[in-house]
Structure formats: structure tokens, C-alpha cells
Amino acid sequence: KDSHQNSASVRFNSTLREKIERKHSLEIMLGNADFSREFQLYFQPQFRISDHALVGMEALLRWFHPHQGMISPGEFIPVAEETGIILPITEWVIDQAYATIAHARKASSLSIQMGINLSPKVIETADLLASLKQKEMRHCVPPHWIDLEITENSAMSLHATIEGTFDQLKQSGFTISIDDFGTGYSSLSYIRRFGVDRLKIAKELVDHVADDRNSQLIIKAIIMMAKGMNLRTIAEGVEYQDQLDVLKEMGCDEMQGYLWGRPVPFETFKQQYLS
Ligand code: C2E
Ligand code: CA
Ligand code: CA
């Protein structure tokens, strides 16, 4: 029994060590990254469910490392947040996203929005409004073309800090979506107070909407509440038609997911959705 425990703890230590080493090497690689060579934004379409109209595109960061290949944002964004390099990365993302929505709006007459993901660290520490204004001037992109996405958990944890920032952003004309909604600690009062425009129903819930009674009840409650508060709802991670059928039946406004479109480079996006 003893030797069994020992080998388990050795295994635990070695995977823990691997994780720490991986994180450390990511930190170094991020520090050395040449953003304009190694980073690329992909864009995933967002649709109104009722008529399949394109309503927006979310910017999703991709990192193509010269030696390691593609590294997923799920892995490197948390490291970037910890080291603070998320600040210059977000500057880069905002600049690219603004340039792209300017291009997209020129290429089509659709009044689509560009969704940009914001880490809590960025809202807390950066002069976000100033850098958005600077990109606005550079690319001639008015605030109402931009939707800022912030996760439910970070919105909750930042509470007091971001209230003022949110007020300013709202007053400038940006819309705000709460990402991953329905899995964290929700407070209805913050949705009201922050002047949120849209709830993004978490993929974790959407995954089970066709077969699990609890997920159905939660999503139904979210949609009802959103309607009562005049907020739009968008389901994220919709992969199957039966999920979409249930969501439509429940009155969900919009969808984003592999079923109707994966994240793609802008050239592909333009061909597929803007022509
Ligand atoms: P998120 O903001 O919740 O983005 C949605 C994620 O779900 C994306 O993963 C997207 O590719 C994926 N997805 C969309 N539809 C489907 C589907 O039908 N099925 C499945 N299996 N997945 C789907 P991605 O691109 O790997 O991004 C992961 C996370 O990394 C994002 O989650 C976001 O939190 C973060 N992220 C990405 N880009 C940025 C960025 O520029 N800034 C910040 N701060 N975070 C970012
Ligand atoms: Ca998002
Ligand atoms: Ca999500």
C-alpha cells in the first residue's frame, strides 16, 4: 500500500512540476513574442436566431509560435493575465479588431458589431477608455460598433473597481456583454447597475440544453429574466440543431457556435459572411 501511495505522489509531483515548467516557459515565450508576426485574430460570427442575420463577430486571439505551433488562448491568456503582458496584448487586439471592423463595415452594409474580450486586469489597471478613444480616432470606428465582453466571474470580482469604468464606457456608446453567464456567482443587481446590454449564456449550460432538465430550467430562467430587463441573450457554443431548436423555442435571441460558424481569419470571414 505504501509503495502505491509513493508512486501516486511521485506521479502527482511530476505532473505538477511539468505544469509549473510549462507555465514558466510560456511566460518567457510570451515575453519574447513578436506580436505582429506570431499573433492573429480569428473571427467567429454571431447570428440572430429568428432570421439567421449576421449581428456580430467576436475577435478570438490565436498564437502561432514559430517552434511550438498553435498555442490555445485557454492556455496562454491566464499566464498573460498573471504576468501583466495581457496589457500590451490587449492593446494589439483592440487595434487589430478596430481595423477589421472598419474593413468589414466597408465591405458590407450590415450593421454588425465587433466583440472584444477584456480581462479583468485590463479593466482594473489600463486606461481602457483612453486607448479605445485612440483607436477610435485612428480607425474611424465609433463606439457603437464595438461590444465589450467581460466574464461573469470577473464582473463580480471587480464589482466596486469597475463600476465607474463601466459607466464611462456605456456613456461613450459601447455595448457590454457578460460572457460565460450562468456558471459563476450571479447577482442580478450588478447587471442592472452596470448597464449590461447582453448576456452570453455559457457553453457549459448550452452543451446540455437538449437533454438535461436542470440546464433547461436555468437557461429558461436566464432568458425570462433578460427579457424582463430588456437585455438580449446569445447562446455560445451551439453545435447541434437540436440545441438550437430548444433555444429558439425558449426565446433566445442570438447564437454563436460551430453549427453556424467557426472562428476563421478575416479573409475567410469576408468571403463567407460579408459577400
Ligand atoms: P470565450 O470568450 O468564452 O470564447 C468562446 C470560446 O469557445 C472560443 O474558444 C471559441 O472558439 C469557442 N467556441 C465557439 N463556438 C464553439 C462551439 O460550437 N463548440 C466548441 N467546442 N467551442 C466553441 P477560444 O478561441 O479557444 O478562446 C478561449 C478563451 O480565450 C475565450 O473564451 C476567452 O476567454 C479567451 N480569449 C480569446 N481571445 C482573447 C482576447 O483577445 N483577450 C482575452 N482577454 N481573452 C481572450
Ligand atoms: Ca468571449
Ligand atoms: Ca465561454
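Our Cα-only numbers for region 135-275 put the radius of gyration and Dmax at 16.1, 49 Å.
For the chain, complete DSSP H runs whose alpha carbons reach 27 Å or more along their own long axis and whose mean Kyte-Doolittle score is -1.0 or higher are 2-32, 86-107. Each of SER187, SER215, SER14, SER177 was scored by other Cβ atoms within 10 Å of its Cβ. Listed from fewest to most, they are SER14, SER187, SER215, SER177.
Considering the convex hull of the alpha carbon atoms of region 51-176, report its projected area averaged over all viewing directions, in nm², one decimal. Average projection, Cα convex hull of region 51-176: 9.1 nm².
Structural descriptor for the chain: relative contact order 19 percent, calculated from alpha carbon pairs under 8 angstrom and at least 6 residues apart. Using DSSP to define loop residues, name the chymotrypsin sites (Phe, Trp or Tyr not before Pro) in region 191-275 whose beta-carbon has at most 16 other beta-carbon atoms within 10 Å. Passing sites in region 191-275 are TYR240, TYR258. Straight-line reach from LYS200: taking Cα to Cα under 19 Å and skipping same-chain neighbours fewer than 8 places apart, the lysines in range are LYS170, LYS220, LYS227, LYS248. Roughly how large, in nm² to one decimal, is the mean projection of the convex hull of the alpha-carbon atoms in region 140-196? That works out to 3.8 nm², a quarter of the Cα hull's surface.
With coordinates expressed along the principal axes, the C-alpha atoms belonging to the chain extend over 64, 48, 41 Å, beginning with the largest. Using the Cβ of MET156 as centre and a radius below 13 Å, the other residues enclosed give a net charge of -3, where K and R count +1 and D and E count -1.
Take every pair of alpha-carbon atoms less than 8 Å apart whose residues are at least six positions apart; their mean separation over the length of region 153-275 yields a relative contact order of 20 percent. The eigenvalues of the Cα gyration tensor, multiplied by 5 and square-rooted, give region 191-256 an equivalent ellipsoid with semi-axes of 20, 11, 10 Å from largest to smallest. Scanning residues 5 or more positions from ALA53 or on other chains, those with amide H under 5 Å from its amide H are ARG48, with H placed 1.01 Å from N in the peptide plane. Taking Cβ atoms as reference points and 11 Å as the exclusive limit, the residues near PHE35 contribute a net charge of -3, counting Lys and Arg as +1 and Asp and Glu as -1. Along its principal axes, region 24-119 has C-alpha extents of 47, 24, 23 angstrom, given from the largest down.
Each reported figure results from applying straightforward, stated rules to the coordinates on display, with no laboratory input. Just so it is clear, the structure is predicted and the values come from calculations on it, not from any experiment. FYI the Cβ positions are ideal-geometry reconstructions off the backbone, even for glycines, and counts take in every protein chain you see.
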